[in-house]
1. Net charge near Ala89: determine it from the other residues with C-beta under 14 Å of the C-beta of Ala89, scoring Lys and Arg +1 and Asp and Glu -1.
2. Can you check what the net charge comes to around Met7, using other residues whose Cβ is under 15 Å from the Cβ of Met7 (Lys, Arg +1; Asp, Glu -1)?
3. Under a Cβ-only charge scheme (Lys and Arg +1, Asp and Glu -1), can you give me the dipole magnitude of the chain about the Cα centre, in debye to the nearest 20?
4. Round to a whole number: what % of the accessible area of the chain belongs to carbon and sulfur, probe 1.4 Å?
5. Name the residues whose placed amide hydrogens come within less than 5 Å of the amide hydrogen of Phe42, ignoring near sequence neighbours (fewer than 5 apart) on the same chain.
6. Measuring with a 1.4 Å probe in the full set of protein chains, what accessible area per residue, in whole Å², belongs to the chain?
7. Report the full-extension gain for the segment Asp47 to Ala74: residue separation times 0.36 nm, less the Cα-Cα distance, to one decimal in nm.
8. Per DSSP H run of n ≥ 4, the term is -39500 (n - 2.57); total these for the chain, divide by its residue number, and report the mean residue ellipticity at 222 nm rounded to 500 deg cm²/dmol.
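The values are calculated or read from the model by the stated rules, or taken from the named source; none is laboratory data. All values derive from a computational prediction rather than experimental measurement. Virtual Cβ from ideal backbone geometry, glycine too; neighbours counted across all protein chains shown. All accessible areas refer to the heavy atoms of the entire protein, side chains included, with ligands and DNA or RNA removed. Shrake-Rupley method; radii C 1.70, N 1.55, O 1.52, S 1.80 Å.
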Amino acid sequence: MEWKDTMKPAGPVTLNNGWTLEVNHGVCIGAAPCTAMAPNTFALDDDAKAAILATVDQDDQETILNAARSCPVAAIIIKDAEGNVIFPA
Ligand code: SF4
């Protein structure tokens with residue numbers, strides 16, 4: 001697996017669109033709908049927690065947003081370029 005940021009695979013990482021994306025590993029339960037919704041963005045790491053792939057910028061905003069919405073524990077946090085939280089809303 002190649003992560004966007006190998007030093008912090010769960011983020012926060014900044015995307016090309018200016019968004020900051022992070023997976024809260026404290027609450028992620030590895031349920032994995034995020035990996036199905038946005039396969040270029042999320043994959044499970046060795047601890048079965050979602051992390052952010054190097055290919056994240058290949059998924060569009062709606063795809064990433066839908067992945068965040070699909071998370072049963074709201075572990076995916078998205079901020080815009082100004083640092084405002086887009087999700088969870
Ligand atoms: S959907 Fe949520 S709980 Fe499941 S792997 Fe993704 S971030 Fe973790």
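1. Its environment carries a net charge of +1.
2. -2
3. 220
4. So the carbon and sulfur contribution to the accessible surface is 50 percent.
5. Those lying under 5 Å, H to H, from Phe42 are Leu53.
6. Working: 4700 Å² over 89 residues.
Value for the chain: 53 Å² per residue.
7. Roughly 7.9 nm would be gained on extension.
8. Computed ellipticity for the chain at 222 nm equals -4500 deg cm²/dmol.
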